[in-house]
Amino acid sequence: MNIILLGPPGAGKGTQASRLEDERGMVQLSTGDMLRAAVKAGTPVGLKAKAVMEAGELVSDEIVSGIIGERLDELGDETGAIFDGYPRTAPQAASLDTILAERGRTLDHVIELVVDEDALVERITGRFTCASCGEGYHDKFKLPAVAETCDQCGAHEFKRRPDDNEETVRTRMTEYRAKTAPILPIYEARGLVKRVDGMADIAHVTDAIEAILDGRG
Ligand SMILES: [Zn+2]
């Protein structure tokens, strides 16, 4: 089973990918992570990538393909792959087909976690945490029982992440749409795209993804 998992920041993609890793033994292949790991491990493609990056140049599609191939070879045939952040362009999508075909693999599903942008803004901008114990709260969905007092530890200091603001969330959504626009139509045409409501609670999203993987969704 090989899938591409798509979703904007805040859709819960990381959470869902790690659940698939835990429950199905799949492995998430994030190109950024793989690139860093290959460079660190000094693999043949990693050495090439290192030279390119040290020269201040962008890593080519060829190098990225090489790194994905190396990683898939390490996984073994029985381990499913979750592609994250790749492919981003039509040529990369074609490369992925080749990389998979060379290893007797096929792409089974492209699963997109769909979010409602306004609801996502509300979800992200409302969140804050206890500065002392890290307990999570939300302006609308989960306020402390006693105003400005942490339910868990009684502290009175709270903090918000500076990038949890509306402008950042909307910019990320725009970037996400721009990044996926070149590849979604390719996979739509092949009938591979399945959409899951990313605004549902985490367990429901997992169930919906599992249903797709089991051929029930
Ligand atoms: Zn606390």
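Read the figures in this text as sums done on the coordinates, not as results from a lab. Predicted, not measured: the structure shown is a model, and the values here were computed from it. Note: ideal-geometry Cβ built from the backbone for every residue, glycine included; neighbour counts use all protein chains shown.
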Of these, Leu35, Leu72, Leu47, which one is part of a helix (DSSP H, G or I), surrounded by fewer than 20 Cβ atoms within 10 Å (Cβ to Cβ) and not basic (Lys, Arg)? Leu47
Restricting region 139-174 to residues that are without any contact (Cβ under 8 Å) to a residue 24 or more places away in the chain and outside any loop (DSSP other than H, G, I, E, B), the one nearest to Thr89 (Cα to Cα) turns out to be Thr174
Selected residue (criterion: surrounded by the fewest Cβ atoms within 10 Å (Cβ to Cβ)) from residues of region 75-85 that are free of Cβ contacts under 8 Å to residues at least 60 places away in the same chain and under 24 Å from Val196 (Cβ atoms): Thr79
Residue, surrounded by the most Cβ atoms within 10 Å (Cβ to Cβ), within region 165-194, restricted to residues that are over 18 Å from the mean Cα position of the chain (by Cα) and not small (Gly, Ala, Ser): Ile186
Among the residues that make up region 199-215, is at least one of them free of Cβ contacts under 8 Å to residues at least 40 places away in the same chain, part of a loop (DSSP other than H, G, I, E, B) and surrounded by 12 or more Cβ atoms within 10 Å (Cβ to Cβ)? yes
Just one of (1) surrounded by 12 or more Cβ atoms within 10 Å (Cβ to Cβ); (2) among the hydrophobic types (A, V, I, L, M, F, W, C); (3) over 19 Å from Asp118 (Cα atoms) trips up Ala145, so point out which. (1)
Looking at Thr89, Thr79, which one is β-branched (Val, Ile, Thr) and more than 26 Å from Pro185 (Cβ to Cβ)? Thr79
Can you tell me which residue within region 97-117, out of those that are in a loop (DSSP other than H, G, I, E, B) and either touching a residue at least 60 places away in the same chain (Cβ under 8 Å) or farther than 30 Å from Ile3 by Cα (or both), is nearest to the ligand (Cβ to nearest atom)? Val115
How many residues of region 118-174 are aliphatic (A, V, I, L, M) and either farther than 23 Å from Gly12 by Cβ or within 16 Å of the ligand (Cβ to nearest atom) (or both)? The answer is 6
